[in-house]
Amino acid sequence: MNKLDILAREWQFTPDREYASHLVKIINDPKRTRKRPQPECWHHRPPLSETLPILFDAGEDNHFKIRWLKRLKDRINSLNKLSPVTKYLTDLDDSDWITRLVAAYAITQLGSETFTALTPLVTNPDHPHWATANWLVQSICQYTLQEFGDNTEQYLCQNCLTRLSKQTLSGHKTTFQFIACRSCRQSRTVIKAAGEIVWVLDQRWKKRTAQTDNQFRINGLLQSSLGEIERVEILRARGNQIDAFINQLQSDTDRIRTQRYPQMVCFVDDQCKLAPSQVEQLQQKFGHVEYYAWREQEAENQQRVFPISPVKSEVQHQQQRLIRQLNSKEPSHRVSACKQLAKQPVPHAFERLYRRLRDSDPKVKSAAACALVRQCKPLCRTPNTLMCRDCFTRVTHEKVPLNRWFTGDIYYCNRCKQIEPLLHGIHTIIAVLDEQQEKTLVINGTRAEVNWLKIKTIFDFDGVEIRRANNPEIEQFCAQIRKHPDPQWQERFRAIPCTVHPSLQFAPSTQAILTGTFTTITTMTSQKG
């Protein structure tokens, strides 16, 4: 668009008539200024980021001897440190039109953090600055969308160290979209962060952040609040520092972070002394907690309960070396670890390999996919008869790309995302309520019987047998089924047949709950178990 056309739009749609009268002198074209001014159509007004450079270029042109342009440029260049937005909102009512224009420019420079103060203006069409406020919000939104676009994953808020996200602001009969910090909603000060975001607890480290080849590391001990977290490393920290971190985790209300914790790994240096209660709290929060770099001579003194046994054989040391290699900064090391894990399975390796499907290096992605497919190859023969012996659930089937042309099949537990506890040949899973059955899981040929009274949680079953249970336990079992968050599972459970032992006597309320939960209720012809 022609520069004079941009200035003509600014003249036509600005509500500041004194400012518009000075623009006419620069435009100096009756055809362009013949249109009727329409200050209420603020959405057609160009942003200041387009208008000001054109004005400044005009001021340097020998054909124009306009003193106010130099004064405007000097005022804007003097804005080294911006004041709070309330000052500039007050300046919008100043008698000097240049002060009003500089205030508008300063608000756009403050960015989306001004939206809290601008919201009462953009939602009230009777406000004298309604058109100006809408124009300012639109200018800021347009800048953030152009600046960050689809690359929000590459930026962190400099204050909160949280990723940017697309957000909305509601005005009067319109909605604005912008990109800003997920926590504080500011977009003025951001930093680039490439790779995995690692939250580090290390009292020896004095810097706030550090960028490596494939990681952006944050010193959690220097942060008063949680930021973006994709992986946790506890290297050197005192007990009170770890307690403070655990308290932050437990009181975290950020939806994205809390959904990510169960899939996250927390690495703990073997020299960092954790109390059993701290270990338990970390295990409850994160999907997996593991030590690394354990020493043989220190193993006897360890009194902490962890998934990794303190007694280390040579094979276990080799397995730990592969895990460390899989988390290496060098892509070639990660590729080598994936290839070795394909030949030599390691406990919990499936989950780690699965995370490498999102690796930044395509060679690592391909190697991890090949390793996963090779580990799952024995499971492909009977995928419909697989059951996790820990979670008592069926499996998830997923196709992963091996390269540009071929894909492979992988299977893993719906709940724990592992393949080690999977059992073959289970055609039917029965939920049993039996007070006298001591074992949680009993396998009878192709039939798996899981005693719900031992686990008190809903799992993936194909039938129900109530043998020996009291009325409160039966009501609790039915309540868990009816409160299942997935409506499709509720319908599926309702269609499952329920078999009741003939000797059981139900209270009327229990009978009503049971009938309302299951469509088909039959009586056993002979006692089982």
Subject >> Complete set of residues in the range 51-74 that are modelled with pLDDT of 85 or more, surrounded by 17 or more Cβ atoms within 10 Å (Cβ to Cβ) and not hydrophobic (A, V, I, L, M, F, W, C) >> reply: Thr51
Subject >> The lone exception for Tyr291 - which of (1) loosely packed, with under 11 Cβ neighbours inside 10 Å; (2) at pLDDT below 85; (3) not in a loop (DSSP other than H, G, I, E, B) it fails >> reply: (1)
Original post:
What residue, of Ile197, Ile229, is part of a strand (DSSP E or B) and either under 19 Å from Lys329 (Cβ atoms) or at pLDDT 90 or above (or both)?
Top reply: Ile197
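For residues in the range 151-162 being closer than 26 Å to Val122 by Cβ and out of contact with any Cys (no Cβ under 8 Å at 6 or more places or on another chain), which is surrounded by the most Cβ atoms within 10 Å (Cβ to Cβ)? Don't jump to the end; show me each part of the working.
If we filter the range 151-162 for residues that are closer than 26 Å to Val122 by Cβ, which is where we start, we get 152, 155, 157, 159-160, 162.
Next cut, out of contact with any Cys (no Cβ under 8 Å at 6 or more places or on another chain) only: 152, 155.
Values: Thr152: 17, Tyr155: 19.
Only one residue fits best here, namely Tyr155.
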Subject >> Only listed residue being charged (D, E, K, R), exposed (fewer than 13 other Cβ atoms within 10 Å of the Cβ) and not in a strand (DSSP E or B), chosen from Arg188, Arg204 >> reply: Arg204
**OP:** Considering each residue of the range 496-529, count those that are in a helix (DSSP H, G or I) and either surrounded by 10 or more Cβ atoms within 10 Å (Cβ to Cβ) or at positive phi (or both), and give that number.
**Re:** 9
**OP:** Only residues that are of a type in the set (Ser, Thr, Tyr), closer than 18 Å to Glu351 by Cα and assigned to a loop (DSSP other than H, G, I, E, B): list them for the range 374-412, please.
**Re:** Thr393
Original post:
In the range 92-117, which residues are among the β-branched types (Val, Ile, Thr) and either under 16 Å from Ile76 (Cβ atoms) or part of a loop (DSSP other than H, G, I, E, B) (or both)?
Top reply: Ile98, Thr99, Val102, Ile107, Thr108
**OP:** From Cys391, Cys416, grab the single residue that is in contact with a Cys (Cβ under 7 Å, 6 or more places away or on another chain), at pLDDT below 85 and either within 19 Å of Leu379 (Cβ to Cβ) or loosely packed, with under 14 Cβ neighbours inside 10 Å (or both).
**Re:** Cys416
Subject >> Count of the range 151-193 residues which are of a type in the set (Gly, Ala, Ser) and farther than 23 Å from His43 by Cα >> reply: 3
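Just give me the residues in the range 167-185 being crowded, with 16+ Cβ neighbours inside 10 Å and basic (Lys, Arg), in sequence order. Please lay out each step first, then the result.
Step one: filter the range 167-185 for residues crowded, with 16+ Cβ neighbours inside 10 Å, giving 167, 169, 171, 176, 178-183, 185.
Arg182, Arg185 - these are the residues of the range 167-185 that are crowded, with 16+ Cβ neighbours inside 10 Å and basic (Lys, Arg).
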Original post:
If we keep just the residues of the range 343-369 that are surrounded by fewer than 19 Cβ atoms within 10 Å (Cβ to Cβ) and more than 27 Å from the chain's Cα centre (by Cα), which is modelled with the highest pLDDT?
Top reply: Lys343
Original post:
Can we say Phe477 is under 34 Å from the mean Cα position of the chain (by Cα), under 27 Å from Cys416 (Cβ atoms) and modelled with pLDDT of 90 or more?
Top reply: yes
Original post:
Would you pick out the residues in the range 207-220 that are of a type in the set (A, V, I, L, M, F, W, C) and either in a loop (DSSP other than H, G, I, E, B) or surrounded by 20 or more Cβ atoms within 10 Å (Cβ to Cβ) (or both)?
Top reply: Phe216, Ile218
**OP:** Scan the range 441-476 residue by residue and report those that are in a loop (DSSP other than H, G, I, E, B), among the acidic types (Asp, Glu) and surrounded by 17 or more Cβ atoms within 10 Å (Cβ to Cβ).
**Re:** Asp460
Subject >> Conditions (1) farther than 21 Å from Gln480 by Cα; (2) not assigned by TED's automatic domain parsing to the domain that holds Thr499; number of the one not met by Thr393 >> reply: (1)
Original post:
Within the bounds of the range 150-171, is there any residue that is free of Cβ contacts under 8 Å to residues at least 12 places away in the same chain, in a helix (DSSP H, G or I) and at negative phi?
Top reply: yes
**OP:** Select from the range 258-273 the residues that are under 11 Å from Leu201 (Cβ atoms) and more than 19 Å from the chain's Cα centre (by Cα) and list them in ascending order.
**Re:** Phe267, Val268, Asp269, Cys272
**OP:** For the range 174-191, state whether one or more residues are more than 30 Å from His129 (Cβ to Cβ) and either touching a helix residue (DSSP H, G or I) at 6+ places or on another chain (Cβ under 7 Å) or at pLDDT 90 or above (or both).
**Re:** yes
**OP:** Can you confirm whether the range 328-335 contains a residue that is at pLDDT 80 or above, under 25 Å from the mean Cα position of the chain (by Cα) and among the polar types (S, T, N, Q)?
**Re:** yes
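The values are calculated or read from the model by the stated rules, or taken from the named source; none is laboratory data. Everything quoted here is computed from the prediction, not taken from an experiment. A quick note on method: Cβ atoms are made from the backbone with ideal geometry, for glycine too, and the neighbour counts reach across all protein chains shown.
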